[in-house]
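See structure below.
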Amino acid sequence: LFKDWLCVTIGLGMMTGIAPMNPMMPGLGMVPPPLLPLDLPIVKEIIHCKSCTLFPPNPNLPSPAMRERPPGCKTVFVGGLPENATEALIVEVFGQLGEIIAIRKSKKNFCHIRFVEEFTVDRALFLSGYRMRLGSSTDKKDTGRLHVDFAQARDDLYEWECRQRLYAREERHRRRMQEDRFRPPSPPPIVHYSDHECSQLGDKIKDEAAFAEAVNVLLTWVERGEVNRRNANNFYSMIQSSNSHIRQLMSQKATHEKELEVAKDKFKTALSGILAQFEQIVSVFHAASKQKAWDHFSKAQRKNLDMWRKQAEEIRNMQNEELMGIRREEEMEMSDDDMEDTHDPDDSGPVAQVEALKEENDSLRCQLDAYRNEAELLKQEQGKNQEHTPPQHSEEDTIRQQQLTFLQQALQGMQKQLLKMREEMKQREAELEKSVEDKQQLESQVQSLKEGLESLKETRTPQVSNTHTTGHLIDSCIDVSVCPSSGIISTFLHVHPFGASIEYIFSYLQQLDTKINTGQVGALLGRLPCTFRQELTGVGASLEKRWKFCGFEGIKTK
């Protein structure tokens with residue numbers, strides 16, 4: 001008998017046509033794995049019991065239709081029982097598959113069997129199609145063909161739902177534990193106020209390391225309303241200690257600013273040294289590219305030298321641009337304060353001032369409107385109060401009268417300020433128009449000078465004259481080769497009203513002409529004293545020579 005039921009258990013793993021089961025369902029791990037390969041055909045044998053015999057169905061017949069497996073199914077429907085079958089016989093046949101909870105048998109030849117485990121249902125389904133015969137009798141009441149199928153039971157569904165809720169609770173708990181593990185820790189709670197905590201907090205405020213945490217606690221206490229007449233002195237001392245911490249912060253800021261300035265100076269000196277070495281390397285490449293040395297190199301060597309020279313020039317230009325940017329930022333920082341006091345000869349100064357005056361005028365007009373609205377509201381409230389209130393409220397009337405007088409005085413001051421602003425705007429606009437006219441006159445004079453120079457170039461006839469103007473024009477036209485460079489330098493210095501050093505001018509010209517050097521630029525600036533002027537700026541170690549454009553000064557004096 002054990003061998004027969006072992007065959008039944010083995011055949012359950014290979015049986016087809018059964019609905020798929022939930023792998024999370026408890027009890028499925030107890031089903032033994034199939035011991036035979038799946039390719040072998042399933043052979044059902046005769047099963048002998050004490051009171052009956054089970055004969056296998058014809059293997060050529062199709063498998064019977066089955067219901068869809070209900071969730072958590074532990075109950076099976078068994079039909080086709082013999083009429084003389086008893087409950088003891090059912091327990092004898094199906095009790096060996098697994099533990100039975102209940103058997104509900106009707107008067108007809110079918111019953112419902114509820115097992116303890118769900119996997120026992122799959123074993124019971126294997127008996128579907130077997131013919132049962134009681135003993136050796138061939139009577140019709142003692143035979144029948146079994147039909148085993150899934151059955152729906154409210155108890156099974158309830159247990160399955162409870163188990164699913166349990167799984168969901170476990171999953172939520174596991175997910176919550178996972179989230180709590182990766183959640184950052186919450187800050188410690190703020191302690192409640194007490195005299196002991198207050199004394200400790202006063203010591204912490206004086207400590208630089210614990211100052212941030214202590215100030216947070218003090219802020220929380222003040223916002224909670226812990227201040228009263230009894231402990232006001234303690235809170236005042238703590239606030240005073242927090243205020244004294246400002247000096248430490250300012251000293252730290254000053255030290256950091258000094259360190260930043262030192263680092264900037266070191267970076268500037270290091271960058272200037274690197275640029276000097278780049279200049280030397282580029283000069284070596286330029287010397288090697290001259291005809292005397294260039295002819296002795298091979299073609300491959302010339303190609304490498306040319307490539308190295310281009311790379312060195314590109315890197316040198318990039319470093320020059322970086323150094324120029326640093327110096328330009330320093331000049332802008334130094335000239336911010338000077339630009340507020342000095343008058344800019346360019347047209348951008350008056351225009352910016354006019355725009356600033358317009359914005360200030362608009363803001364003052366908005367404030368004036370707000371004051372007017374407030375005065376009207378006060379007048380209306382005063383009229384309503386005079387109508388509805390008795391005459392004993394004399395103090396309120398006096399206060400409102402004072403407010404009205406203050407508002408009227410403020411309105412008058414605002415109106416006077418607006419009138420002054422309008423007059424200043426008119427003056428600025430007149431100055432702007434005058435500067436535009438001066439600029440047009442200067443452009444016409446420059447154009448006439450250019451035409452005179454062109455006429456002198458065309459004629460090239462010597463004329464004897466003792467006037468200083470003719471001699472000056474002839475001297476300026478002697479060397480025409482310096483005109484492009486001098487024009488570029490004039491344009492560059494015109495946009496730098498505070499002047500520029502010879503290295504700054506050279507780095508700008510070198511982007512346009514790589515063959516020029518610093519000596520040529522200095523000689524060109526020295527040859528034109530009427531156009532360029534050298535001045536010394538700074539004090540002590542920061543003393544620096546700067547060139548400025550002075551070509552228009554002679555025209556303005558005339």
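Go through the stretch 222-246 and give me each residue that's under 34 Å from the mean Cα position of the chain (by Cα) and at pLDDT 90 or above.
Answer for the stretch 222-246, where residues must be under 34 Å from the mean Cα position of the chain (by Cα) and at pLDDT 90 or above: just GLU223.
For the stretch 200-305, list the helices (runs of 4 or more DSSP H) that sit wholly inside it and hold at least 3 residues that are without any contact (Cβ under 8 Å) to a residue 40 or more places away in the chain and surrounded by 10 or more Cβ atoms within 10 Å (Cβ to Cβ); which are they?
Hits in the stretch 200-305: 211-224, 232-288.
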The stretch 98-118, subset surrounded by 20 or more Cβ atoms within 10 Å (Cβ to Cβ) and touching a residue at least 40 places away in the same chain (Cβ under 8 Å), residue nearest to the chain's Cα centre (by Cα): GLU118
Would you pick out the residues in the stretch 153-191 that are of a type in the set (A, V, I, L, M, F, W, C), surrounded by 12 or more Cβ atoms within 10 Å (Cβ to Cβ) and not in a loop (DSSP other than H, G, I, E, B)? LEU157, TRP160
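Table: residues versus (1) within 27 Å of GLN441 (Cβ to Cβ); (2) outside any helix (DSSP H, G or I); (3) at pLDDT 80 or above.
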residue: SER490; (1), (2), (3): yes, no, yes
residue: SER507; (1), (2), (3): no, no, yes
residue: VAL521; (1), (2), (3): no, no, yes
residue: PRO529; (1), (2), (3): yes, yes, yes
residue: GLN534; (1), (2), (3): no, yes, yes
residue: ARG546; (1), (2), (3): no, yes, yes
residue: GLY554; (1), (2), (3): yes, no, no
Give the residues of the stretch 484-506 that are open to solvent by 10 Å² or more (accessible area, probe 1.4 Å) and either of a type in the set (Val, Ile, Thr) or farther than 17 Å from GLU544 by Cα (or both), sorted by residue number. PRO484, SER485, SER486, GLY487, ILE488, SER490, THR491, PHE492, HIS494, VAL495, ILE502
From the option list PRO59, PRO82, PRO71, single residue qualifying as open to solvent by 10 Å² or more (accessible area, probe 1.4 Å) and touching a helix residue (DSSP H, G or I) at 6+ places or on another chain (Cβ under 7 Å) is PRO71
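The values are calculated or read from the model by the stated rules, or taken from the named source; none is laboratory data. Please read all numbers here as calculations on a predicted model, not as lab measurements. Because the Cβ atoms are built from the backbone with ideal geometry, glycine has one as well, and the counts that use them run over all protein chains shown. Ligands, DNA and RNA are stripped out before the accessible areas are found, and what is left, the full protein with its side chains, is counted by its heavy atoms. Shrake-Rupley method; radii C 1.70, N 1.55, O 1.52, S 1.80 Å.
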